[in-house]
Structure formats: C-alpha cells, structure tokens
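Encoded as structure tokens, the structure appears first; notes follow it.
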Amino acid sequence: MKKKLLSICFFILLICCGRVLAQEKENTFFKEHQLVIKTNLPAIALRNINIAGEISLSPDNTAHPLTLHIPVSYNPFNYGGDAKLKHIAVQPELRLWQREAFSKFFVGLHAHYAYYNVGGISGINRQLKENRYQGNLFGMGVSGGYTHMINDRFGVESVLGLGYAFMDYDVYDCQHCGAKTGEESKVYFGPTKFSISLVYKIR
C-alpha cells in the first residue's frame, strides 16, 4: 500500500514539475518575442469585421526574423436588397523580414480558407449579379509588404499577395430564395491578398 502511495505521489510530483517548467518556458517565450495586433482598413470599409495577430518566432538579434501572422475576417451583412459578401475566412502567413521584425520590408507565404455566401453584386459580371454562390475556398500564395512604425506602438502596414484558390460551390438562381441550379468548382490564379492595416504593438 505504501509503495502505491509513494508511486502516486511521485507521479503527481512529475506532473506538477512538468507544468511548472512548461509555464516557465511559455512565459520566457512571450517575454522574449514581440506581439502585434492589427486590422485591415479597406476590409472594414466593406463591413468585413477583421482582426489579425502576429508574433515573432525568432530572437531579436536574428539577421532575418520570422513572424507568424494570422488574420480572421467575418462578414454577416447584406449590402441592400440581396447583395451580399458573407464569409468567414482565415489566412495564416509565415513572414521573413529584411532586418527587423515588424519594420520595413518582408516576404511571406500564406494559405487561406473561406466559407462564403456571395451574390447580387453589380459591376463585376452578370453571373455574380444574377446568381448566388455558396461554398468553400482553399488555396495558398506568396506576398510582399512593408510596415512603417509611426512610434513605439502604432504603425501602418501594406501587403499585396498573389496565388491560387480552389473554389467548390453551389449555384442558386437568385440571391435570396432561388432554387439550386448546380454544383461547380473553379481554380483561380491572381491576387489573393490585399491589405492596408493599422498596427498596434502590444509588446
């Protein structure tokens, strides 16, 4: 019985020590690495609710620092009538900076996923105006950008990306309540990322 109690106590002690070491390692990581949040202003103009977080993955003295940038976008709105650009999307990106993380030039590699419900939008093509498209989007691409820090906390960032996306969707004959007319898929090559963001550095 005593051996069992000792074994249980030893096992609990190992778990507690492991948690303490993991917590210390996590705290050390966040103390040594910078973190920023940002929002894409043109997306807000389209009523896309969006926020992004970016954290440095390399120590400050690295010649070409790496960061991980994860933006999320959500749009649940109609624009009037049946026009809509509803979606929820995420586009994680690994960035390599020229000299200093969150300052000046970087290149990036991103992936993207979106679930969308789009239709009734004029000025692009007739199909998008007269039909509604609902489905999923997957893809990846490359990007380049520049961040200008105005002071220690605030900055502005511009990004342009190119890549491809595979879209798998259902087609409806009107934007609001029309019957389903088919199922389609399409591969797209072209711009996959555009942002002009307000940046706030937390630490």
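The values are calculated or read from the model by the stated rules, or taken from the named source; none is laboratory data. No experiment lies behind these values; they were computed from the predicted model shown. Neighbour counts are summed over all protein chains in view; Cβ atoms, including those assigned to glycine, are modelled from backbone coordinates with ideal geometry. Surface accessibility is based on the protein's heavy atoms, side chains included, excluding ligands, DNA and RNA. Shrake-Rupley method; radii C 1.70, N 1.55, O 1.52, S 1.80 Å.
How much length, in nm to one decimal, is gained on full extension between residue 179 and residue 70, taken as 0.36 nm per residue of separation minus their Cα-Cα distance?
Length difference between fully extended and current span is 35.6 nm.
Peptides 183-191, 124-132, 158-166: what's the order by average Cβ count within 10 Å, highest mean first?
For the peptides 183-191, 124-132, 158-166, the packing ranking is 158-166, 124-132, 183-191.
Any idea how far apart residue 127 and residue 107 come out in nm if each label point goes 7 Å out from Cα toward Cβ?
3.4 nm
Less than 12 Å Cβ to Cβ from residue 196, Lys/Arg counted +1 and Asp/Glu -1: what total charge do the surrounding residues give?
Details: positive: 38, 193; negative: 157.
Within the 12 Å Cβ shell, the charges total +1.
What does the charge add up to near residue 138, with Lys and Arg as +1, Asp and Glu as -1, over the other residues with Cβ less than 13 Å from its Cβ?
Here the charged neighbours net out to 0.
Could you check how much of the accessible area of the range 32-81 is carbon and sulfur, as a whole percent, using a 1.4 Å probe? If you can, show how the numbers build up before the last one.
On the way: 1830 of 2630 Å².
Exposed carbon and sulfur together represent 70 percent of the surface.
Lys and Arg at +1, Asp and Glu at -1: add these up for the other residues within a Cβ distance under 9 Å of residue 171 and post the number.
Charge balance near residue 171 sits at -2.
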